[in-house]
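I am attaching a structure below and will ask some questions about it afterwards.
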Ligand SMILES: Nc1nc2c(ncn2[C@@H]2O[C@H](COP(=O)(O)OP(=O)(O)OP(=O)(O)O)[C@@H](O)[C@H]2O)c(=O)[nH]1
Ligand SMILES: [Mg+2]
């Protein structure tokens, strides 16, 4: 453990100095969560809140990675250091997303001011709700001014991960079913900025009109953030300046309104709760397995299946076994 602590401190030091391999190694430690991840957490805790975290979400293929890549370009020309996390909650592997993102991020592949990384859940305690913000802190420790978090897909856990960002960007594009998907996934509630990408295609106007209607941009409450809709053609870099301007406006509003601080606290609360529940579950399972609980579960299950016991009472008995 002592050796690991020293190694972690050394890694964090190298990450601070901008060594991309050290950053990659630290994120792997965070992601796997079976080594000195607590040392990593302690070492980078002080860096919390140093970067602005921008979440990008939307249906598969809508243009998140392409948009992220052009944003990276714009932020780099301001001299910022940028991190990109592509998060795939549904996959245990850092697989498919990575390949496409590597291609789309190729323009930045040799830029030492850009870190691109894919992450999957991989059985982390508390899942990506814990691992993703920890990885963000690693990137903050590495001196990133902005971290872009892109999720693959639009399921519940994606919304959770991206919803924890300082600014949430929801992307839509002309194409059948897309606005339906957005509405279904609850993305109409979480977006601070809506990007209608692929504006070079037919139907972009209709998407803008539908969105405007759906999110009611016309009438924000006094002092509230007026949600914006930005059109982009990410492949050509068109609209990226407007997107960046909207992002800056939201960052400024977050600061003056106190919403930024509120979100960060909420994000930390989510992390703590996810970790606590995961730890309790692990402790419970460990205690059960040491008491042969699977036999007890099987007995109870037989009774529930036979209709001689209800599942609530079965749990009462199961927990009584644990506490006994
Ligand atoms: N015509 C057009 N095509 C675009 C635009 N933006 C992205 N694309 C294309 O759409 C495809 C998907 O783009 P990505 O950026 O990978 O989309 P994504 O949302 O990251 O996709 P996943 O990560 O797989 O969910 C690629 O072939 C892009 O070249 C655009 O503005 N116009
Ligand atoms: Mg992508």
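Looking at (1) over 17 Å from the mean Cα position of the chain (by Cα); (2) modelled with pLDDT of 90 or more; (3) within 16 Å of ligand 2 (Cβ to nearest atom), find the lone condition where residue 9 falls short.
(3)
Against the conditions (1) closer than 24 Å to residue 65 by Cβ; (2) in contact (Cβ under 8 Å) with a residue 40 or more places away in the chain, where does residue 271 fall short? Just the number, please.
(1)
Moving to a separate point now. Checking the structure you have, find out if any residue of region 55-62 is touching a helix residue (DSSP H, G or I) at 6+ places or on another chain (Cβ under 8 Å) and at pLDDT 95 or above.
No - not one qualifying residue is present in region 55-62.
Which count do you get for residues in region 53-78 that are away from ligand 1 (no atom under 16 Å from the Cβ), more than 13 Å from the chain's Cα centre (by Cα) and touching a residue at least 12 places away in the same chain (Cβ under 8 Å)? First the steps, then the outcome.
So the first thing to find is which residues in region 53-78 are away from ligand 1 (no atom under 16 Å from the Cβ), and the list is 53, 75-78.
Retained after the next criterion (residues that are more than 13 Å from the chain's Cα centre (by Cα)): 75-78.
Still in the list and also touching a residue at least 12 places away in the same chain (Cβ under 8 Å): 75-76.
So the answer is 2.
Quick one: how many residues across region 52-79 are surrounded by 24 or more Cβ atoms within 10 Å (Cβ to Cβ) and away from ligand 2 (no atom under 16 Å from the Cβ)?
Selection size over region 52-79: 1.
Conditions (1) surrounded by 11 or more Cβ atoms within 10 Å (Cβ to Cβ); (2) over 29 Å from residue 192 (Cα atoms); (3) at pLDDT below 95; (4) touching a helix residue (DSSP H, G or I) at 6+ places or on another chain (Cβ under 6 Å), marked per residue:
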| residue | (1), (2), (3), (4) |
| --- | --- |
| 242 | yes, no, no, no |
| 247 | yes, no, no, no |
| 257 | yes, no, no, no |
| 272 | yes, no, yes, no |
| 278 | yes, yes, yes, no |
| 290 | no, yes, yes, no |
| 296 | yes, yes, yes, yes |
| 302 | yes, yes, no, no |
| 319 | yes, yes, yes, no |
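Looking only at region 225-236, count every residue that is within 24 Å of the chain's Cα centre (by Cα) and surrounded by fewer than 16 Cβ atoms within 10 Å (Cβ to Cβ) and tell me the total.
Of the residues in region 225-236, 2 are within 24 Å of the chain's Cα centre (by Cα) and surrounded by fewer than 16 Cβ atoms within 10 Å (Cβ to Cβ).
State the number of residues belonging to region 193-208 that are more than 16 Å from ligand 2 (Cβ to nearest atom) and in contact with a helix residue (DSSP H, G or I) (Cβ under 6 Å, 6 or more places away or on another chain). Give the steps one after another, and end with the answer.
Filtering region 193-208 for residues more than 16 Å from ligand 2 (Cβ to nearest atom) gives 193-194, 196, 199-208.
So of that shortlist, the ones also in contact with a helix residue (DSSP H, G or I) (Cβ under 6 Å, 6 or more places away or on another chain) come out as 193-194, 196.
Within region 193-208, residues that are more than 16 Å from ligand 2 (Cβ to nearest atom) and in contact with a helix residue (DSSP H, G or I) (Cβ under 6 Å, 6 or more places away or on another chain) number 3.
The values are calculated or read from the model by the stated rules, or taken from the named source; none is laboratory data. Bear in mind the structure is a predicted one, so any value in this text is a computation, not a measurement. In this analysis, Cβ positions are derived from the backbone assuming ideal geometry, glycine residues included, and neighbour counts consider all displayed protein chains.
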